[in-house]
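**Student:** Sharing a structure below in structure tokens format, with a few things to ask.
The values are calculated or read from the model by the stated rules, or taken from the named source; none is laboratory data. Keep in mind it's a predicted model, so treat the numbers as computed, not measured. Every residue, glycine as well, gets a Cβ built from its backbone with ideal geometry; the counts of neighbours run over all protein chains shown. Side chains are part of the model used for accessible areas, which takes the heavy atoms of the whole protein and leaves out ligands, DNA and RNA. Shrake-Rupley method; radii C 1.70, N 1.55, O 1.52, S 1.80 Å.
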Amino acid sequence: MKSSRALSFIIIAIIYIAAFFVGWATYKCPCVASWHVLWRLFIADVVATVFVWIFGLIFKNVSVYDPYWSVAPPVMMTAYACQLGSWSGSTVLLLIAVWWWGIRLTGNWAYTFRNLNSEDWRYTKYRTEKSPFVFQIINFAGLNMVPTIVVFMAMVPGFKIIEYGLPANALTVLACLLCIGAATLQLVADHQIHQFIREKKGRVCNVGLWKHGRHPNYFGEITMWWGVYLMFLSVTPNIAHDWFWLIGAVMNTLLFCFISIPLMEGRQLKNKPEYAEYKKHTRRFV
């Protein structure tokens, strides 16, 4: 069953549809009805993450969680907009940007997803290098919950945009275009590296966007969430009070700069000796 790509897709889809309803039921649960809306959203996000994590344990594959990063933001923001009936210009621009980003990232996951027997090399690395007990701690906390927390914090400015429901302005439009541009840059980078791997597997990709930056896809991911924060700043009625919500974009930036990129580059340097020369002459981002 796990070896079938088509069946694996169906299983993942069922898990995520169920996770949505589990999260929604948690959000609407009377026991949290009196809490601040952001706490209700966060608890719902955490419960949905735990639900997906459990199925990762069942299928012995941490990559069951991989689509969560890109599926949760557009679904949660759209559901929140529907609940509030908030369809202002700023909300619509936010949803356009987030859905374009989410479709691109989910599409890239689907393109690279083989079946439920395949697991991201980083997870396999932890699974083989750590004891089973330590690995499960890393699995739950580091590979599932930390990404959920980081992405949720990056989403908070988007939730506030929907909550305020204010008209868009010139800065809102420019920030939306920044988000769309960032996701489009990622799309182009994905296409270039997939094509390069098909033609020159095992070599260092140094063409197109990859000629000008070692991590154009990560650069786009970082830029996307700073764009959401700029959209939020453009419509917040109280910048002095709301500036704090930049913490999500900061956390997301730090996650890539100090965890994702070092892990990726360590693997590249180990497997591709010519990567050291590429790294010396090519900047990290731009």
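**Student:** Dipole size in debye (nearest 20) for the range 42-171 around its Cα centre, Lys and Arg Cβ +1, Asp and Glu Cβ -1?
**Tutor:** Its charge dipole is roughly 280 debye.
**Student:** Same structure again: When the accessible area of the chain is computed with all protein chains present and a 1.4 Å probe, what percentage of it is carbon and sulfur?
**Tutor:** 70 percent
**Student:** So, one more: Rg and Dmax of the chain, using alpha carbons, in Å: what are they?
**Tutor:** Considering the chain through its Cα atoms, Rg and Dmax are 19.5, 59 Å.
**Student:** Packing-wise, with mean Cβ within 10 Å as the measure, how do 219-227, 10-18, 128-136 rank, highest first?
**Tutor:** Peptide ranking by packing, descending: 219-227, 10-18, 128-136.
**Student:** Can you give the relative contact order of the chain as a percent, counting alpha carbon pairs under 8 Å and 6+ residues apart?
**Tutor:** So the answer I get is 20 percent.
**Student:** A further question on this structure: Rank-order 63-76, 20-33 by packing density, defined as the average count of other C-beta atoms within 10 Å over each peptide's residues, highest first.
**Tutor:** Working: 63-76: 21.6, 20-33: 14.5.
Ranking, from highest mean packing down: 63-76, 20-33.
**Student:** May I ask you to work out the translational diffusion coefficient for the range 33-187 at 10 °C, viscosity 1.306 mPa s, via Stokes-Einstein with Rh from the Kirkwood sum over Cα pairs, reported in whole µm²/s?
**Tutor:** 94 µm²/s
**Student:** Excluding residue 255 itself, what net charge comes from residues whose Cβ is under 14 Å from its Cβ, given Lys and Arg +1 and Asp and Glu -1?
**Tutor:** Values: positive: 122; negative: 221.
In short, 0.
**Student:** Select from the chain the helices, each a whole stretch of DSSP H, whose alpha-carbon atoms run 18 Å or more along the helix axis and whose Kyte-Doolittle mean is at least -0.5; answer none if there are none.
**Tutor:** Going by DSSP H runs, the hits are 5-28, 37-58, 68-84, 89-112, 146-164, 170-200, 216-235.
**Student:** Give the accessible surface of the chain per residue, rounded to a whole number of Å², with probe radius 1.4 Å and ligands, DNA and RNA excluded.
**Tutor:** Working: 13940 Å² over 286 residues.
With all protein chains present, the chain gives 49 Å² per residue.
**Student:** Mind putting a number on the dipole of the chain about its Cα centre? Charges go on the C-beta only, +1 for Lys and Arg and -1 for Asp and Glu, and I need it in Debye to the nearest 20.
**Tutor:** For the chain, the charge dipole is close to 1040 debye.
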